[in-house]
1. Would you check which residues across the stretch 196-214 are buried (at least 17 other Cβ atoms within 10 Å of the Cβ) and over 18 Å from residue 167 (Cα atoms) and list them?
2. Regarding residue 100, is this residue free of Cβ contacts under 8 Å to residues at least 24 places away in the same chain and either closer than 21 Å to residue 146 by Cα or crowded, with 21+ Cβ neighbours inside 10 Å (or both)?
3. Just to confirm my filter: which strands (runs of 3 or more DSSP E) fall fully inside the stretch 351-445 and include at least 3 residues that are under 21 Å from residue 314 (Cβ atoms), at pLDDT 95 or above and not hydrophobic (A, V, I, L, M, F, W, C)?
4. Just for the stretch 129-165: of the residues that are acidic (Asp, Glu) and part of a loop (DSSP other than H, G, I, E, B), which one is farthest from residue 108 (Cα to Cα)?
5. Looking at (1) within 23 Å of the chain's Cα centre (by Cα); (2) within 16 Å of the ligand (Cβ to nearest atom); (3) in a helix (DSSP H, G or I), which is the one condition that is false for residue 99?
6. Is one or more of the residues making up the stretch 287-301 more than 15 Å from the ligand (Cβ to nearest atom), crowded, with 16+ Cβ neighbours inside 10 Å and within 12 Å of the chain's Cα centre (by Cα)?
7. Can you work out which of the residues in the stretch 250-276 that are out of contact with any Phe, Trp or Tyr (no Cβ under 6 Å at 6 or more places or on another chain) and within 16 Å of the ligand (Cβ to nearest atom) is nearest to residue 28 (Cα to Cα)?
8. Among the residues of the stretch 15-52, which ones are among the charged types (D, E, K, R) and in contact with a Cys (Cβ under 8 Å, 6 or more places away or on another chain)?
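The values are calculated or read from the model by the stated rules, or taken from the named source; none is laboratory data. Keep in mind that this is a model prediction, so the values were computed, not measured. Cβ coordinates were reconstructed from backbone atoms using ideal geometry, including for glycine residues, and neighbour counts include every protein chain displayed.
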Amino acid sequence: KEIPLKYGATNIGKRQDEAMKRFRDNRLGEFIHWGLYAIPGGEWKGKVYNGAAEWLKSWAQVPASEWLGLMKQWNPVKFDARQWARMAKEMGVKYVKITTKHHEGFCLWPSRYSEYTVAQTPFKKDILGELVKAYNDEGIDVHFYFSVMDWSHPDYRYEISSKEDSVAFSRFLTFTDNQLKELATRYPTVKDFWFDGTWDASIKKNGWWTAHVEQMLKNLVPGATVNSRLRADDYGKRHFDSNGCLMGDYESGYERRLPDPLEDLQVTKWDWEACMTLPENQWGYHKDWSLSYVKTPVEVIDRIVHAVSMGGNMVVNFGPQADGDFRSEEKELAVALGKWMKKYGECIYGCGYAGWDKRDWGYYTRKGQEIYMVVFNCPYSGFLDVKVPKGTKIEKAALPDGQELKVVETTRNEYNVAMPSQNPGEPFIIKLQIKETSATTDKYR
Ligand code: H79
């Protein structure tokens with residue numbers, strides 16, 4: 001039975017307004033993790049740490065004052081916001097999520113409420129402002145990443161175990177409100193706030209505050225979306241409230257992992273967004289990418305299609321260098337992804353879950369009556385097997401250039417679609433023209 005909640009879910013089912021539809025149709029995003037951690041790049045006092053570079057302060061147990069001293073070295077002379085935006089455009093992403101402030105507390109905008117901002121560095125410039133403008137000029141939506149946990153702030157608490165903690169933490173929440181209001185009013189074209197660093201007991205105890213932030217931002221920025229990770233309910237339950245309803249507008253738990261395409265189909269009932277790194281787990285710039293496996297372009301494309309095939313978005317991370325340029329591996333990945341998206345992006349943008357049984361050759365995505373087969377594994381048989389839902393008939397299968405592929409009905413509700421005579425040598429798409437009927441002309445007995 002229903003548990004009465006003051007700070008539970010605010011939407012019932014998927015939001016269907018224009019802003020939410022835009023969020024969903026964008027499907028492919030770019031994550032930017034940029035902060036002071038780009039300067040040491042995973043190395044502190046001669047020791048290279050193989051953990052995530054943006055957590056180096058924690059791995060090397062650097063006191064906040066010493067860490068924030070890195071600000072004196074923040075001078076990204078190669079930074080060119082328009083170049084970043086052009087690279088994103090070429091890559092085919094429709095939105096970018098930018099770390100306005102990561103756990104370290106350093107702000108990419110000149111916040112009035114903190115001493116630790118770009119304004120207090122040799123570079124001085126409002127990096128976030130330049131990025132918002134440049135990306136928007138390319139027609140790319142800007143989303144803000146914001147870490148609530150802030151290692152630079154003396155009032156932050158991991159848990160509340162005294163009156164003093166509770167007073168300090170309430171000052172911290174006011175500070176956070178001020179920064180969020182500042183972001184929403186300085187950069188009014190922002191479309192989304194993606195919260196991180198919200199897992200501590202102190203925040204779970206203040207579920208009311210997470211509900212308040214959601215409302216505050218939605219009042220300041222009409223149509224704004226927020227991720228589920230912001231939210232805790234009256235009982236400190238996160239993402240999904242005590243009645244099992246998703247809080248925020250989309251689920252944001254799939255970080256460096258994806259729902260299983262057979263077992264986890266419940267995710268198709270709500271909006272969700274996954275994010276991924278190219279190495280195993282590096283978000284900020286790390287100087288040594290040989291410490292872990294780095295995904296290939298095809299593996300990245302596989303994850304993007306996998307997400308879309310289950311009704312989700314995918315955000316691919318980049319960790320720019322301290323000089324403002326991107327490492328060559330990221331530039332190369334961006335080019336490869338852009339090339340593929342230009343050719344096959346129609347199976348991504350505006351597409352979602354098809355509702356058809358997954359097959360071993362790849363994934364289905366769907367846009368209205370258009371079904372896309374996205375092929376990752378080529379069978380020796382030369383045939384791609386398709387199992388259609390009851391009452392569905394395949395009328396035609398074609399490559400994006402219009403070239404038709406032979407379709408053979410093999411049994412009730414099953415077909416073979418012939419592989420193209422020329423192996424494309426890369427993941428490719430086949431568009432299916434279908435007819436959905438209720439007629440019962442069944443020749444199979
Ligand atoms: O910004 C990137 C990461 O730095 C950040 N989210 C992405 C987008 C992130 N890193 N880790 N996490 C989020 C998850 C937190 C893990 C924790 Fe823990 C495990 C928090 C509590 C238990 C590590 C171990 C930190 C405290 C204990």
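1. 196, 197, 198, 211, 213, 214
2. Numbers: free of Cβ contacts under 8 Å to residues at least 24 places away in the same chain: no; either closer than 21 Å to residue 146 by Cα or crowded, with 21+ Cβ neighbours inside 10 Å (or both): yes.
Judged against the criteria, residue 100 is not a match.
3. Values: elements: 362-367, 370-375, 383-387, 392-398, 407-411, 414-418, 428-436.
It comes to 362-367.
4. Across the stretch 129-165, the extreme among qualifying residues is 159.
5. Evaluating residue 99 over (1) within 23 Å of the chain's Cα centre (by Cα); (2) within 16 Å of the ligand (Cβ to nearest atom); (3) in a helix (DSSP H, G or I) leaves (3) as the failure.
6. Taking every residue of the stretch 287-301 in turn, none turns out to be more than 15 Å from the ligand (Cβ to nearest atom), crowded, with 16+ Cβ neighbours inside 10 Å and within 12 Å of the chain's Cα centre (by Cα).
7. So the first thing to find is which residues in the stretch 250-276 are out of contact with any Phe, Trp or Tyr (no Cβ under 6 Å at 6 or more places or on another chain), and the list is 252-267, 269-270, 276.
Remaining after also requiring within 16 Å of the ligand (Cβ to nearest atom): 252-258, 276.
On the way: 252: 15, 253: 17, 254: 15, 255: 15, 256: 15, 257: 16, 258: 15, 276: 12 Å.
Top of the filtered list is 276.
8. Just the residues of the stretch 15-52 that are among the charged types (D, E, K, R), to begin with: 15, 17-18, 21-22, 24-25, 27, 30, 43, 45, 47.
The answer is 27, and nothing else.
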